[in-house]
Structure formats: structure tokens, C-alpha cells
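The values are calculated or read from the model by the stated rules, or taken from the named source; none is laboratory data. Quick caveat, the model's predicted, so the values are computed rather than measured. Note: ideal-geometry Cβ built from the backbone for every residue, glycine included; neighbour counts use all protein chains shown. Areas reflect the complete protein model, heavy atoms only, side chains present, ligands, DNA and RNA absent. Shrake-Rupley method; radii C 1.70, N 1.55, O 1.52, S 1.80 Å.
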Amino acid sequence: MKVLIFPTRAEAETCMAAELLRTVSGQPDAVLGLATGGTMDRVYERLVSMALAQKTDFSRVRSFNLDEYWGIDADHPASYAHYMRTRLFAPLHMDAQLTCLPNGKAADPDEEARRYEASIAAAGGIDLQILGIGRNGHIGFNEPTSSLGSRTRIKTLTASTREANRCYFAEDETVPAFALTMGIGTILEARYCMLLATGTGKAQAVAAAVEGPLSAACPASVLQLHPRATILLDPDAASTLQLRDYYELVHPAGSEAIVPLPLASH
Ligand code: PGA
């Protein structure tokens, strides 16, 4: 697991945006696993401005979002479909046929979950999966105690998750109690996982994910098993890490590690 601690939140966000852009520049038909939430707002803002400045073509990119609320329509302003359309898909002129989210209004959640898994497999799997983390350590909407081998399915949201997302809904609306989410096993199959956390509110969850035991009590800790996972942090999110000095030694200011080459033999 690579832990990169940046001097500022903006640099951590820019690193994630730059990785998304680098992936698409190198592979215009890349399959991206996308996330939503407050942390991703500025990542997408930066990505859109960088991609437009560099004229990067996103029209062949295929994407799969982590999750969607169950029971709300794709046109609902708090739906993740709406979030993605307004922040990323429309500004980058992405092909609506290639941008996928679970359908929160499907007739049968189990069938929808199977269909979603099958479309990810048919696309050849996810090249780069970006992730946020909940204060309770969730990734996607895999709340604590989700099976570490779980697949896409319907999950009951915790009271704290519903409270954290209250701000996206009108005052007289109820935050949905359920969501369709990729499973932890689904996420683990992505070829590269990159998680971004910023702010002190995420510090405990980050410490549990990076340094705690591998446990369903902290779903993000499963990234310890992934062969290629990078954790991007600002100083606040990194503030309770025990081995912070070590991560900063290996990756000063979030830079790549410089491994000395063996001395040439004569
Ligand atoms: P946030 O959500 O970025 O809105 O904090 C992250 C998450 O719950 O995964």
C-alpha cells in the first residue's frame, strides 16, 4: 500500500485528478471506477479543467460508479446519476451509453446488482477505481461488517452515513435508507485502486484502514490486500497515523519514492 501525504488538500486532490487524466490520455477507452461525495467535488473540478485545457478526449471512456441510492430516480438532484452528469459526464462530453451507475429505480435490486456485475465483467474489468472513505471506514456504501468478499448488492445505510449525506437532500425529504453498491470483492478486482481522504473528520478511519487490522469493521482496510493501492492524504487526514514519519520519508511531500539503482559493476 502506497501512502502519499501531501502538504495541502489541493495537492492531494490534484494528484487524483492527474491520475485519472493520465489513465485516459494513455488509454482513451479506459474503464474507470468512479466515486461521488464531497471529497470528489474538487477532484472532478480539477479534472474537467485539466482535461479541457489539454483537449483530452473522454468520449470513449467507459465508467462504472460505485453506488446509487435505492428508490430515487436518476433525475433526482441528490441522485449520484445527477451528481456525475453535472460534474463530470456533461462537462467532458462523455458518452451517456458508456457511463454506468446502478439503477436506483430498477424493478428488482438483486437482478439489477447481477446486471451491474455482468456489465463490469463484459467491459473487461476496471482499470482505475477511485475511492473516498466514510468516517466509519466505508468504501462505496459498504458499511462496517460488509463481507470482504461481497459483490454488488443492496445495503442498508447506517444512521451516520444518512446524516452525513443529509445536506444533499431538501429539508422535507427523507435520506434514502438503502443503496445499491459495488461489493468489496468487486472493488478489489479493479486493477488499480486510489483512495483520497482529506480533513480531520477522516483521520480515524484512515488510521484504521492503513494501520489497523484487516477487518470488516473497517471496510477500507481491505485495500491492504490489494496489490496496487495508493492512499492520498492531506496532513489533517494523516494526523493520527502512527507511521506518518515513515510514509513521509519514503514519499516526501507525496512524491514518488526514489529507489537508488544498484551501482554499476566494473
Ligand atoms: P465524502 O464521502 O467525500 O462526502 O466525505 C466519502 C464517502 O462516504 O465515501
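A few notes on this one:
- Which numbered condition Leu214 misses (of (1) open to solvent by less than 30 Å² (accessible area, probe 1.4 Å); (2) touching a helix residue (DSSP H, G or I) at 6+ places or on another chain (Cβ under 7 Å)): (1)
- In summary, Ala74 fulfils each of the numbered conditions (1) under 24 Å from Thr186 (Cα atoms); (2) open to solvent by 50 Å² or more (accessible area, probe 1.4 Å); (3) in contact with a helix residue (DSSP H, G or I) (Cβ under 6 Å, 6 or more places away or on another chain) with the single exception of condition (2).
- Cβ pairs under 8 Å, 6+ apart, first in segment 56-75 and touching a residue at least 60 places away in the same chain (Cβ under 8 Å) and under 13 Å from Asp95 (Cα atoms), second open to solvent by 10 Å² or more (accessible area, probe 1.4 Å) and not in a strand (DSSP E or B): Arg62/Asp29; Arg62/Leu98; Arg62/Ala123; Phe64/Leu101; Phe64/Ser119; Phe64/Ile120; Phe64/Ala123
- Against the test of being basic (Lys, Arg), over 14 Å from the mean Cα position of the chain (by Cα) and surrounded by 13 or more Cβ atoms within 10 Å (Cβ to Cβ), the options Arg60, Arg42 yield a single qualifying residue, Arg60.
- Residue in segment 118-141 that is more than 16 Å from the ligand (Cβ to nearest atom), more than 25 Å from Arg42 (Cα to Cα) and either open to solvent by less than 10 Å² (accessible area, probe 1.4 Å) or in contact with a Pro (Cβ under 9 Å, 6 or more places away or on another chain) (or both) present: no
- Scanning segment 35-69 for residues that are within 16 Å of the ligand (Cβ to nearest atom) and part of a loop (DSSP other than H, G, I, E, B) yields Ala35, Thr36, Gly37, Leu66.
- Among (1) touching a residue at least 24 places away in the same chain (Cβ under 8 Å); (2) not in a strand (DSSP E or B) - the single one Leu232 does not satisfy: (2)
- In segment 235-247, the residue that is least open to solvent (accessible area, probe 1.4 Å) out of those that are touching a residue at least 24 places away in the same chain (Cβ under 8 Å) and over 23 Å from the mean Cα position of the chain (by Cα) is Leu243.
- Checking Val222 against (1) within 19 Å of Arg42 (Cβ to Cβ); (2) open to solvent by less than 20 Å² (accessible area, probe 1.4 Å), the condition it does not meet: (1)
- Residue match in segment 101-108 (condition: open to solvent by less than 20 Å² (accessible area, probe 1.4 Å), closer than 19 Å to Glu171 by Cα, in contact (Cβ under 8 Å) with a residue 24 or more places away in the chain and touching a strand residue (DSSP E or B) at 6+ places or on another chain (Cβ under 9 Å)): no
- Count of residues meeting criterion [open to solvent by less than 10 Å² (accessible area, probe 1.4 Å) and either among the charged types (D, E, K, R) or part of a helix (DSSP H, G or I) (or both)] in segment 1-20: 5
- Consider segment 149-202 and keep the residues that are farther than 25 Å from Ala106 by Cβ and more than 16 Å from the ligand (Cβ to nearest atom). The one that is least open to solvent (accessible area, probe 1.4 Å) is Tyr192.
- Subset of segment 76-100 [of a type in the set (D, E, K, R) and either free of Cβ contacts under 8 Å to residues at least 24 places away in the same chain or in contact with an Asp or Glu (Cβ under 8 Å, 6 or more places away or on another chain) (or both)]: Arg85, Arg87
- Long-range neighbours under 7 Å by Cβ, at least six apart or interchain, first residue over 12 Å from Val3 (Cβ atoms) within segment 249-262, second open to solvent by less than 100 Å² (accessible area, probe 1.4 Å): Ala253/Phe6; Ala253/Pro7
- Tabulated pairs, segment 196-212, first in a loop (DSSP other than H, G, I, E, B), second hydroxyl-bearing (Ser, Thr, Tyr), C-beta under 8 angstrom, 6+ apart or interchain: Thr198/Thr39; Gly212/Ser221
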